[in-house]
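**Q** Quick one: the structure is below, questions incoming.
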Amino acid sequence: MPIAAPALDLVLVWHFHQPDYRDLATGEFRLPWTYLHALKDYSDMAWHLEHHPEVHAVVNFVPVLVDQLEDYARQFETGELRDPLLRLLARQSAAPLAAAERTGILERCFHANHYHMIRPFAAYRELQELFELAAKHGNDALVYLSDQYLYDLVTWFHLAWTGETVRRESELVTRLMSTGRNFSETDRGALLGLIGDVVRGIVPRYRRLAERGQIELSATPHYHPLAPLLLDFASARDAEPGAALPRSPEYPGGRERVAFHVDSALAAHERRFGTRPRGMWPAEGAVSGPLLRLLGERGLAWTASGERVLARSVAGAHGAAPARGEYLYRAWRVPSVAPGLVCFFRDDRLSDLIGFEYKTWDGHDAAANFVGELERIASAAAAGTGGRPLVSVILDGENAWEWYAYNGYYFLDALYAALAQRPAIATTTYADWLEAALAPGSPGARIGELPAIAAGSWVYGSFSTWIGSPDKNHAWDLLAAAKRCCDLVVASGRLDEARTRVAFDQLATCEASDWFWWFGDYNPVEAVAIFDRLYRENLARLYSLLNLPAPAELARPISHGTGRPEAGGAMRRAS
């Protein structure tokens with residue numbers, strides 16, 4: 001039976017992020033994951049909130065993701081498509097496909113979860129089997145795959161990437177899936193139009209959810225930088241004292257760069273959503289004392305990180321961390337660096353149940369299990385002296401769902417319904433929780449104080465995913481060298497104001513955390529090769545904007561993958 005009291009506050013935080021996949025010189029999109037996740041995941045996540053108005057949540061948009069969504073919206077409105085896959089979907093079939101077009105379709109249009117996005121559809125599965133049969137006889141045999149085969153393949157790829165809620169509400173998707181093959185140019189054009197409608201609707205849908213008070217919209221520093229490392233490479237040694245660091249003693253002008261990302265994010269968020277965000281989820285939940293100080297100086301009300309960061313912070317204050325229930329389910333301040341900023345910390349176990357474990361469960365069973373976990377937390381608090389627990393569940397809002405049957409439809413629907421039916425579990429947002437907790441005379445506000453914050457992230461509580469190995473450190477050295485060149489050229493006055501602004505935007509792209517995530521031999525060969533190449537191309541583009549020759553090092557790969565993604569990275573990154 002559901003418990004009656006004391007109540008438990010639950011904050012669900014869905015983090016939406018994709019790195020910038022554009023070639024800023026041409027505007028061409030080099031990878032399609034931004035619009036595909038909009039079509040499949042951001043649309044589904046909005047639908048579930050729209051259909052469960054009693055459930056409240058925080059939705060965190062990284063500004064560089066919204067930059068790209070707006071870019072795609074303009075492409076759909078003008079018809080000037082700068083994404084190769086969208087151009088192929090829209091292509092007129094009068095002229096034969098060129099060799100590069102054929103290669104592009106074959107290389108990209110099986111990038112979908114086999115068990116949940118290919119195998120359930122007989123026609124799509126047959127296309128894959130035909131490809132595998134031809135490929136057994138070498139690349140020369142692929143020429144026997146007709147243009148109609150390739151048009152069917154690019155169509156099925158996009159059908160498989162439609163969200164479950166899009167499928168259920170679109171007669172077009174139902175018809176095309178039932179037809180299965182021999183798609184016409186008209187069919188593909190209609191599908192392209194649907195994709196455009198879904199992508200253009202993402203930001204307005206979430207803005208409406210925020211305006212009606214159901215969700216809080218928060219932000220991340222604009223291009224998703226690993227901010228504590230930009231501020232101080234040595235912060236990596238807080239969690240790992242023996243960590244190897246880049247040869248560069250520091251990232252030049254790191255504080256100014258972090259301030260740029262934060263200030264740009266605040267301005268972009270207010271422009272898009274009509275109000276300044278109250279809180280900021282730092283990229284990868286990565287925090288440090290200097291970062292908290294900077295966020296506090298901007299007047300932000302809250303930030304958040306991972307449970308292991310809090311455990312180390314509490315242990316540092318008390319010599320050893322008490323039982324997690326005694327410190328995790330409350331908010332914290334660090335008055336020595338940011339007295340007005342409140343810090344929240346995710347329950348790693350509950351967050352990872354959704355992110356990694358429940359994918360193999362029946363959706364209703366998983367939802368019941370999750371609610372049962374919350375009820376046990378509330379019961380434990382009632383039995384002790386803890387008062388009303390605040391539970392934070394924070395995870396990516398996109399990459400887990402392709403590992404679920406039906407894109408997580410039954411799990412999310414059952415979870416939201418169960419939460420709405422449990423009066424003892426109150427879903428809330430950080431802004432609403434703070435307003436209630438800080439109101440005069442408010443009982444039970446659980447905001448503790450820490451003398452210091454441990455530097456770390458939501459992955460292992462450290463920065464080891466982004467720094468410390470030879471490949472990652474070499475990437476940092478290349479970035480630091482480019483930043484020093486940028487500073488010298490700008491200081492010389494050789495660039496006008498417009499070109500300087502473009503150069504610093506390009507630098508911001510290079511500062512994103514995503515590149516460093518993928519460097520390392522434990523990651524898959526293909527993913528490492530793609531992100532390695534994109535990172536070096538972005539650095540080379542920066543040198544070009546500075547009217548400087550790119551270093552010869554940028555012609556050589558930084559890293560070679562051989563293994564599997566770290567910490568479930570395949571689910572957290574581009575598919």
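The values are calculated or read from the model by the stated rules, or taken from the named source; none is laboratory data. Values in this document were obtained by computation on a predicted structure and should not be read as measured data. Counting neighbours? That spans all protein chains shown, and the Cβs are built from the backbone with ideal geometry, glycine included. The accessibility values were calculated without ligands, DNA or RNA, using every heavy atom of the protein model including side chains. Shrake-Rupley method; radii C 1.70, N 1.55, O 1.52, S 1.80 Å.
**Q** Mind checking which of Val66, Ala210, Val287 is farthest towards the positive end of the chain's charge dipole, using Cβ charges of +1 (Lys, Arg) and -1 (Asp, Glu) about the Cα centre?
**A** It is Val287.
**Q** Let me ask something additional. With the other protein chains left in place, how much accessible area per residue, in square angstrom, belongs to the chain at a 1.4 angstrom probe? Please report the intermediate quantities before stating the final value.
**A** On the way: 21930 Å² over 575 residues.
Ligands and nucleic acids excluded, the figure is 38 Å² per residue.
**Q** Still on this model: Using a 1.4 angstrom probe and counting only protein chains, how large is the accessible area of His364 in Å², to 10?
**A** Only protein atoms counted, so the area is about 110 Å².
**Q** Amide H of Glu216: which non-local residues (sequence gap of 5 or more, or other chain) have their own amide H closer than 5 Å, using H built in the peptide plane?
**A** For Glu216, whose amide H was placed from the backbone, the distant partners under 5 Å are Ala57, Val58, Val59.
**Q** What is the set of long-range amide H partners of Leu395 at a cut-off below 5 Å, with H atoms built 1.01 Å from backbone N?
**A** The answer is Val13, His15.
**Q** With point charges of +1 on the Cβ of Lys and Arg and -1 on the Cβ of Asp and Glu, referenced to the Cα centre of the chain, which listed residue (Leu350, Leu150, Tyr406) lies farthest in the positive direction of the dipole?
**A** Leu350
**Q** So, one more: Relative contact order for the chain using alpha-carbon pairs under 8 Å, separation at least 6, rounded to a whole percent?
**A** Relative contact order comes out at 21 percent.
**Q** Run the quick spin-label model on Gln421 and Glu526: label points 7 Å from Cα toward the beta carbon, then report their separation in nm to one decimal.
**A** The two pseudo-label positions are separated by 4.1 nm.
**Q** Considering only DSSP beta bridges where both residues belong to the chain, give the percentage that are antiparallel (nearest 5).
**A** Bridges in the chain that DSSP calls antiparallel: roughly 15 percent.
**Q** Given 0.36 nm per residue, what is the gain on full extension from Glu537 to Leu438 after removing their alpha carbon distance, in nm? Working shown, then result.
**A** Numbers: separation 99, 0.36 × 99 = 35.64 nm, distance 4.85 nm.
Stretched fully, the Glu537-Leu438 segment lengthens by 30.8 nm.
**Q** With N set to the number of residues, divide the alpha-carbon radius of gyration of region 392-467 by 2.2 N^0.38 Å and report two decimals.
**A** In units of the 2.2 N^0.38 Å rule of thumb, it is 1.55.
**Q** So, in Å, what gap is there between the alpha-carbon centers of region 111-179 and region 477-522?
**A** Using only Cα atoms, the two centres lie 39 Å from each other.
**Q** Let me ask something else. Grab the eigenvalues of the alpha-carbon gyration tensor for the chain, scale each by 5, take roots, and send me the semi-axes largest first in whole angstrom.
**A** Values: eigenvalues 293, 201, 90 Å².
Sorted largest first and rounded, they come to 38, 32, 21 Å.
**Q** Continuing with this model, one more query. How many angstrom lie between the Cα centre of region 209-281 and the Cα centre of region 1-75?
**A** Result: 18 Å between the Cα centres.
**Q** Still on this model: Could you give each residue of region 544-560 its phi-based ³J(HN,Hα) in whole Hz, using Karplus coefficients 6.51, -1.76, 1.60 with θ = phi - 60°, and x for Gly or Pro?
**A** These are the phi-based 3J(HN,Hα) values: 4, 5, 8, 6, 10, x, 6, x, 4, 4, 6, 7, 10, x, 7, 9, 9 Hz.
**Q** Now a separate question. Between beta-carbons, use under 12 Å as the cut-off and find the net charge around Arg271, counting Lys and Arg +1, Asp and Glu -1.
**A** So the surrounding residues net to 0.
**Q** Using +1 on the beta carbon of Lys and Arg, -1 on that of Asp and Glu, and nothing else charged, what's the dipole of the chain about the Cα centre, debye to 20?
**A** For this selection, approximately 700 debye.
**Q** 222 nm [θ] for the chain, helices only, -39500 (n - 2.57) per DSSP H run of 4+, per residue, to 500?
**A** Estimated from H runs of four or more residues: -15000 deg cm²/dmol.
**Q** Give me the percent relative contact order of region 515-565, please, defined on Cα pairs under 8 angstrom at least 6 residues apart.
**A** Dividing the mean separation by the residue count of region 515-565 yields 57 percent.
**Q** Could you please report the charge total around Gly180, scoring K, R as +1 and D, E as -1 over all other residues with beta-carbon less than 13 angstrom from its beta-carbon? Don't jump to the answer; show the numbers that get you there.
**A** Numbers: positive: Arg125, Arg175, Arg181; negative: Glu126, Asp152, Asp187.
Local net charge: 0.
**Q** Between Ala317 and Glu270, what is the label-point separation in nm under the 7 Å Cα-to-beta-carbon projection?
**A** 3.2 nm
**Q** Further question on the same structure: Measuring from label point to label point, each 7 Å out along Cα→Cβ, what is the Arg82 to Glu256 span in nm?
**A** Those two pseudo-labels are separated by 2.8 nm.
**Q** Normalised by the number of residues in region 248-308, what is the relative contact order in percent for Cα pairs under 8 Å and 6+ residues apart?
**A** Over region 248-308, the number comes to 32 percent.
**Q** Which percent of Cα-Cα pairs in region 24-128 sits in each 5 Å bin, short to long?
**A** Reading the bins upward from 0: 2, 9, 16, 18, 18, 16, 11, 6, 2, 1, 0.
**Q** Name the residues of region 397-415 whose amide N is less than 15 Å from a point 7 angstrom out from the Cα of Tyr115 along the C-beta direction?
**A** Answer for this model: 400-408.
**Q** I'd like the carbon and sulfur percentage of the solvent accessible area for the chain, probe radius 1.4 Å, heavy atoms only, ligands and nucleic acids excluded.
**A** Taking all protein chains in place, the chain shows 53 percent carbon and sulfur surface.
**Q** A follow-up question, please. If you place +1 on the Cβ of every Lys and Arg and -1 on the Cβ of every Asp and Glu, how big does the dipole about the Cα centre of region 253-380 come out, in debye to the nearest 20?
**A** Roughly 620 debye for region 253-380.
**Q** Turning to a different aspect of this structure: Want the number for Arg207 to Leu142: 0.36 nm per residue separation, take away the alpha-carbon distance, what's left?
**A** The span from Arg207 to Leu142 would gain 18.8 nm if fully extended.
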